[in-house]
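Trainee: Structure provided below as structure tokens; questions to follow.
The numbers here are math on the coordinates, done by the rules we state, and not lab data. Keep in mind that what you see is a predicted model, and the values were worked out from it rather than measured. Positions of Cβ are generated from backbone atoms using ideal geometry, with glycine treated the same way; all protein chains shown enter the neighbour counts.
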Amino acid sequence: MKIFVDTGSIKDIESIAALGILDGVTTNPSLLAKESGDFKQNLKRICDIVKGPVSGEVTATDFAGMMREGHDIAKIDEHMVVKVPLTKEGIRACKALAGEGIKVNVTLCFSPAQALLAAKVGASYISPFVGRLDDISTSGMSLVGEIVEIYRNYDFTTEVLVASCRHPLHVVEAARLGADIATCPPAVIDALFNHPLTSIGLEKFLKDWEKAQAVKA
Ligand code: E4P
């Protein structure tokens with residue numbers, strides 16, 4: 001399963017990329033709004049670091065505006081993926097952009113019916129938001145399971161990009177369900193590494209080693 005980081009922070013992207021586990025980046029207007037500098041230059045820098053898919057979202061809500069912004073985003077770098085919202089206009093723009101060979105990530109997906117529409121218009125990625133569904137007492141992971149099942153039934157090539165991951169269990173469950181990608185904030189990626197027994201075990205190994213060296217000295 002691929003791991004993407006969900007952030008606009010170049011510093012965080014650099015340090016996670018250095019670990020060798022990073023396959024791509026997702027951004028959204030809220031995340032990019034937190035960063036200083038020109039957003040297109042920032043996205044270019046992110047592409048240079050990651051050399052994998054980087055999603056940049058349109059902010060227009062009408063078809064013509066989405067197409068215009070989509071073309072601008074796609075021009076930034078060959079790795080750019082245009083993110084459009086799951087609205088009628090977004091689905092229409094997805095069909096048109098995908099028809100031009102531009103990769104599209106359809107975002108803000110909260111139902112299997114919406115995911116089916118995105119696959120039908122050639123989306124490269126569908127982004128179900130699991131955390132935001134959990135927030136309203138609806139199982140985000142059930143949605144991921146339904147989408148994976150539907151896409152397998154028809155051999156759709158749209159990749160299931162599990163978004164709005166809030167903790168490591170979201171990533172593990174996404175992997176168990178056969179989702180293609182989990183996109184996580186830097187803190188969640190950090191948490192994937194942690195296990196108390198790893199820290200305790202390492203501490204004991206090092207102490208035993210030091211003790212043995214002291215006896216030999
Ligand atoms: C995905 O592409 C979105 O940017 C993101 O995962 C949303 O996460 P949030 O619900 O934590 O804002």
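Trainee: Quick check on segment 41-48. Is at least one of its residues among the aliphatic types (A, V, I, L, M) and closer than 27 Å to VAL148 by Cβ?
Mentor: There is no residue in segment 41-48 that is among the aliphatic types (A, V, I, L, M) and closer than 27 Å to VAL148 by Cβ.
Trainee: Quick one: would you say THR198 is over 28 Å from SER9 (Cα atoms), within 32 Å of the chain's Cα centre (by Cα) and of a type in the set (Ser, Thr, Tyr)? Give the steps one after another, and end with the answer.
Mentor: Values: over 28 Å from SER9 (Cα atoms): yes; within 32 Å of the chain's Cα centre (by Cα): yes; of a type in the set (Ser, Thr, Tyr): yes.
Here the answer is yes, as THR198 does meet what is asked.
Trainee: While we're here: Can you give me the number of residues within segment 88-110 that are more than 16 Å from the ligand (Cβ to nearest atom) and either closer than 14 Å to VAL160 by Cβ or among the basic types (Lys, Arg) (or both)? Working first, answer last.
Mentor: First pass over segment 88-110, keeping only residues more than 16 Å from the ligand (Cβ to nearest atom): 88-89, 91-93, 95-102.
This time we only want the ones that are either closer than 14 Å to VAL160 by Cβ or among the basic types (Lys, Arg) (or both), so: 88, 92, 95.
Total meeting the criteria: 3.
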